[in-house]
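The values are calculated or read from the model by the stated rules, or taken from the named source; none is laboratory data. Everything numeric in this text was worked out from a predicted model, so none of it was measured. All Cβ positions, glycine included, derive from the backbone under ideal geometry; neighbour counts span all protein chains shown.
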Amino acid sequence: MKPSSAKKTSRAQARNAALLNQLGTPGLGSLLARRWVEGTGQLLLSIVGFVLVAVWFVQMMKGYYGQIFDNGTARPVTPLTNLVLGGVLFALAWCWSLATSFSLMRAASKVSLESLESFAAGQIKMEPAKIILALSALPQWRRNGEIISRAFEFKDFPAAMKFVNAVAELAEQAQHHPDMDIRWNKVTLALTTHDVSGLTEKDFALAKQCDALAVG
């Protein structure tokens, strides 16, 4: 069993990507946020734009120093084509990455709102009939009073720790933390909602996500 690596973009990740896009190199932040197509296009535009500006600068300096060493002999004026085209391409890359940054921030805000709504909804203690129904969808989990638990077994200790780290990150995002018992290649998770002294939808939602992490 191997943990899955699917993740949504957090607000901190979106902010870091936006800063890298707008204050660093357009496209790098998008790639960091796994917007592969947009990030690649933005990065290519910015690189081509930079290269064109650099070529113009080298041509200009070559002409300038040529005049000095040729005792002031007039040299052809360096055309501004590369400078203008390079500047336009870089500006396009910057504007495109700005649009992606806004999109990332909106998506992160939506995820935060959904998490908050889910947290509020999950704070209601479930009735016994609903608990039985929810457990039927999680056949490997067992109920012990107001706690549900499951033991996961992996091929070795590193695989078990990889799963533990993935669960820890998931639990932090959900703001709902299971009790963990780690025994070499075995990891036991126990879930309950302490705020209501019982089981809530949050427990079963997190149990389902932990099952998904262990599939593979």
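Structure notes:
- Looking across the stretch 145-178, the residues that are without any contact (Cβ under 8 Å) to a residue 12 or more places away in the chain and not in a helix (DSSP H, G or I) come down to 145, 177.
- Residue 211 vs. criteria touching a Leu at 6+ places or on another chain (Cβ under 6 Å), assigned to a helix (DSSP H, G or I) and at pLDDT below 95: no
- Of the helices (runs of 4 or more DSSP H) lying entirely inside the stretch 1-101, those containing at least 1 residues that are more than 30 Å from residue 214 (Cα to Cα), of a type in the set (Val, Ile, Thr) and modelled with pLDDT under 90 are 36-69.
- Selection count, the stretch 148-172, where residues are crowded, with 17+ Cβ neighbours inside 10 Å and under 17 Å from residue 205 (Cβ atoms): 7
- Of all residue pairs spaced 6 or more apart or on separate chains, those with beta-carbon atoms under 6 Å, a first member in the stretch 49-61 that is in the same structural domain as residue 84 (by TED's automatic domain parsing) and a second member that is modelled with pLDDT under 90 and of a type in the set (S, T, N, Q) are 52/82; 55/82; 56/82; 59/78; 60/78.
- Pairs, first under 15 Å from residue 107 (Cβ atoms) in the stretch 28-45, second charged (D, E, K, R), C-beta under 9 Å, six or more apart: 29/35; 30/38; 34/7
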